[in-house]
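A.B. asks: One structure is given below, represented as structure tokens, and several questions about it will come after.
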Amino acid sequence: MKKMILLAVLGILSNTLHSQIEQTKKKELDSLRNELEVLFMKDQTFRRIYIEAEKKLGKNSNEMEYFWEVVESQDKVLEIQVIKIIEKYGWLGISQVGKLANTAIWAVLQHGSVESKEKYSPLLKESVLKKESQPMHYARLVDRMLINADKPQIYGTQYKYDSKGKGTFFTVEQPEYINQRRRKLGLKTIQEFAKQIGIEWSVPQKK
């Protein structure tokens, strides 16, 4: 009888402890969600108004030069904060902190240093393959690194428009196999993406 009572008490204590641990974990993730959402707001605010600022101040004005100096300075601060989170918790997925906070990690690193992109992009890819992060985020991170290093992109996420509004993709590595690479990552075909952004894609695909 005493043994049964002891087991029952231990069971209750175990359930209580488990419940407390889960509540603590939830509070921690909620706190991280809020922190990351604020970081995303800081990352995006200036970028959402730069076109209007250019029209008012002039694209090549001293004021716009200072504008981007402020943005770059803030980017470095945000990068440090996000890296601290990644180092402690890993790449937090959508099921843990929500889509916006998950996006914040990528957005800050996208505007961060090459070293950070190279170091943490494998974690993002792993998260994408677990369907905990968005495939386009990884593709854009990798393609931007390649383009900035004067190398061909591999997913076709980087493009530009000329003064007449005609769009072209930056050079793509083995463009005839791009859909194979995009499919493995969970992206729509390059033809669908090109149509979405109003750019022609004419390279036949090989299987």
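The values are calculated or read from the model by the stated rules, or taken from the named source; none is laboratory data. This structure is a prediction, so every number in the text was calculated from the model and none was measured. Quick reminder, even Gly has a Cβ in these numbers, built from the backbone with ideal geometry, and neighbours come from all protein chains shown. Protein only, heavy atoms only, side chains kept; ligands, DNA and RNA dropped before computing areas. Shrake-Rupley method; radii C 1.70, N 1.55, O 1.52, S 1.80 Å.
A.B. asks: Can you go through 75, 30 and tell me which one is modelled with pLDDT of 90 or more and open to solvent by 40 Å² or more (accessible area, probe 1.4 Å)?
C.D. replies: Exactly one residue qualifies, and that residue is 30.
A.B. asks: Listed residues 164, 160; which is in a strand (DSSP E or B), open to solvent by 70 Å² or more (accessible area, probe 1.4 Å) and over 28 Å from residue 31 (Cα atoms)?
C.D. replies: 160
A.B. asks: As an exercise: evaluate residue 192 against (1) open to solvent by less than 30 Å² (accessible area, probe 1.4 Å); (2) outside any loop (DSSP other than H, G, I, E, B); (3) over 20 Å from residue 151 (Cβ atoms) and give the number of the one condition it does not meet.
C.D. replies: Going through the list (1) open to solvent by less than 30 Å² (accessible area, probe 1.4 Å); (2) outside any loop (DSSP other than H, G, I, E, B); (3) over 20 Å from residue 151 (Cβ atoms), residue 192 breaks only (1).
A.B. asks: Among the residues of the stretch 167-188, write down those that are of a type in the set (S, T, N, Q) and open to solvent by 50 Å² or more (accessible area, probe 1.4 Å).
C.D. replies: Of everything in the stretch 167-188, those that are of a type in the set (S, T, N, Q) and open to solvent by 50 Å² or more (accessible area, probe 1.4 Å) turn out to be 168, 171, 174, 180.
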